[in-house]
1. List pairs: first residue in the stretch 211-224 and among the hydroxyl-bearing types (Ser, Thr, Tyr), second residue loosely packed, with under 15 Cβ neighbours inside 10 Å anywhere in the structure, Cβ distance under 8 angstrom, at least six positions apart or on different chains.
2. I need the helices (runs of 4 or more DSSP H) fully contained in the stretch 150-229, keeping only those with at least 3 residues that are within 16 Å of the chain's Cα centre (by Cα).
3. Any residue in the stretch 418-439 that's within 16 Å of TRP14 (Cα to Cα): show its pairings with residues that are not in a helix (DSSP H, G or I) at Cβ separation under 6 Å, as long as the two are six or more apart or on different chains.
4. Could you list, ordered by first residue, the pairs with Cβ atoms under 9 Å in which the first is in the stretch 361-377 and in the same structural domain as PRO180 (by TED's automatic domain parsing) and the second is outside any helix (DSSP H, G or I) and of a type in the set (D, E, K, R), at least 6 apart or interchain?
5. Suppose we keep only residues that are in contact with a strand residue (DSSP E or B) (Cβ under 6 Å, 6 or more places away or on another chain) and more than 14 Å from PHE161 (Cα to Cα) within the stretch 104-123. Which one would you say is surrounded by the fewest Cβ atoms within 10 Å (Cβ to Cβ)?
6. Scanning for something modelled with pLDDT of 75 or more, of a type in the set (Val, Ile, Thr), surrounded by fewer than 17 Cβ atoms within 10 Å (Cβ to Cβ) and assigned by TED's automatic domain parsing to the domain that holds LYS329, does the stretch 31-40 turn up at least one residue?
7. Of the conditions (1) farther than 16 Å from GLY424 by Cα; (2) exposed (fewer than 15 other Cβ atoms within 10 Å of the Cβ); (3) hydrophobic (A, V, I, L, M, F, W, C), PHE161 fails just one. Which one is it?
8. So which of PHE142, PHE126, PHE156 ends up being surrounded by 12 or more Cβ atoms within 10 Å (Cβ to Cβ), within 17 Å of PHE186 (Cα to Cα) and touching a Gly at 6+ places or on another chain (Cβ under 6 Å)?
Amino acid sequence: MYQNKAVVLKGRDWVTVWLYAIIALIGLLCIISVELKANDDFFKSLWAFKKNYSKQFFYLLICAVIATFILLMDSKFFTATPNLLYVLGILLMISTFVIGKTVNGSKSWIPLGFMNLQPVETCKIFTSLALAKYLSRPETNFSKSRSQLIASAICFLPIVFSILQNETGLALVYFCFLLPMYREGFPPAYLVIGASMGILLVAALLIPTYPLLITISVISLYALYTLKRRIKRNKSLLYIVLASWVFSAIFIGLAVPFMFKHVFQKYQADRIFSMVGRDNPYTATQPEENPNTAQLSVKKPKADTENYNVKQSKIAIGSGGFFGKGFLKGTQTQGDFVPEQHTDFIFTSLGENFGFVGCTILMLLYLTLLLRIIMIAERQRSTFSRVYAYSVAAILFFHIAINICMTIGLAPVIGITLPLMSYGGSSLLTFTILIFILVRLDADRQMVLR
């Protein structure tokens, strides 16, 4: 299971390792800049395991040990155990319904004493390995619908448990596995359908339901009118237009209301609609009886506080200017004006302390890391290693894009961490294991792993 220590350095992609280390250290600095006050004894508090930056420091040390452990392992371990690990991940997610701890309204955490483990995070590792294992089997023919359905089920089963745990944001991450499946031959038609659903969802956010349905109906009639000559020669065009209209009507009229009433939490739906400048149309506004006057009174709309986090985030990032205010000099983040500024909104600390320059450097580091992983993926001889590498790249890209867009108001606040930057043992551990398994598999890229 372990290799001779003399060959640990051989064949490892140390560029990826150094990028990981630099980004993780920047994240630690940002957490320090949020919590360390002028009268704090830094070195004393660092070892006390009470401040978040102290805990993150110890999590980094633990991750360094785990990373070394992974680099010493035989790469065949990762090809032999994916199915077992995947089942373990699903069982851990199910166990949260029994022994789970509720944090911020989500019962998705397992308390371990020194940290809380979030199975929906760690299950991304097991799903990546299981998908790679299935697609690398000699008997898997990914051009057939049966294989595509099985691969999709592997990727999307954790979504069900994530939604049941009220972790809708993390559930969305699992859609990123469409990228490695597309690389391996997943039909583009499915991606077109998925993109169309995304466009319809955005349209449903911007336009009320009935006007939108009327608009789609008019577009469909116009398409039938302009294509009438071609439809006479090819009846399939008629069926495509009609099927598209029926699908759009059902999606907008039934699926979207169901999603915002039963899938998203109320505060999540409110944030999404508030982002586009609309009140949530799916919030019940029933008149209630006033017990004092015994008369019906209508609830007054509450103040617009749904986007408070984003507003404060924009203020903090904007106040950093071009070069930033300097380390530990951020007034917004030091003053705790930005909620969750050490986790989901850690990017605000970087923007205020190091400005546009610091944000640009971080983005370049992330871009370099993603391009490096794609390069690693394309040089693999093994389908297993290639699929796994693309899974890691897809997970990282989704987290980076959504989190940064979230902090600057271009995406709704759905509770997704910034990889290697946000505070949290589960998040840091997950991304550490994802990256270092990739580094270990890449070291044996001359082998054909199954």
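1. Hits for this filter: SER220/LEU242.
2. Values: elements: 168-173, 178-183, 188-206, 209-226.
Ranges flagged: 168-173, 178-183.
3. From residues that are within 16 Å of TRP14 (Cα to Cα), the pairs are VAL439/ARG12; VAL439/ASP13.
4. Final answer for the pair search is ARG372/ASP13; ILE376/ASP13; ILE376/ARG445.
5. My answer is PRO111.
6. The answer is no; no qualifying residue exists.
7. Of (1) farther than 16 Å from GLY424 by Cα; (2) exposed (fewer than 15 other Cβ atoms within 10 Å of the Cβ); (3) hydrophobic (A, V, I, L, M, F, W, C), only one is false for PHE161: (2).
8. On the way: PHE126 fails: within 17 Å of PHE186 (Cα to Cα); PHE156 fails: touching a Gly at 6+ places or on another chain (Cβ under 6 Å).
Being surrounded by 12 or more Cβ atoms within 10 Å (Cβ to Cβ), within 17 Å of PHE186 (Cα to Cα) and touching a Gly at 6+ places or on another chain (Cβ under 6 Å) holds for just one of PHE142, PHE126, PHE156, which is PHE142.
The values are calculated or read from the model by the stated rules, or taken from the named source; none is laboratory data. Every value quoted in this text rests on a predicted model; they were computed, and no experiment measured them. Note that we place each Cβ from the backbone using ideal geometry, even for glycine, and neighbour counts take in every protein chain shown.
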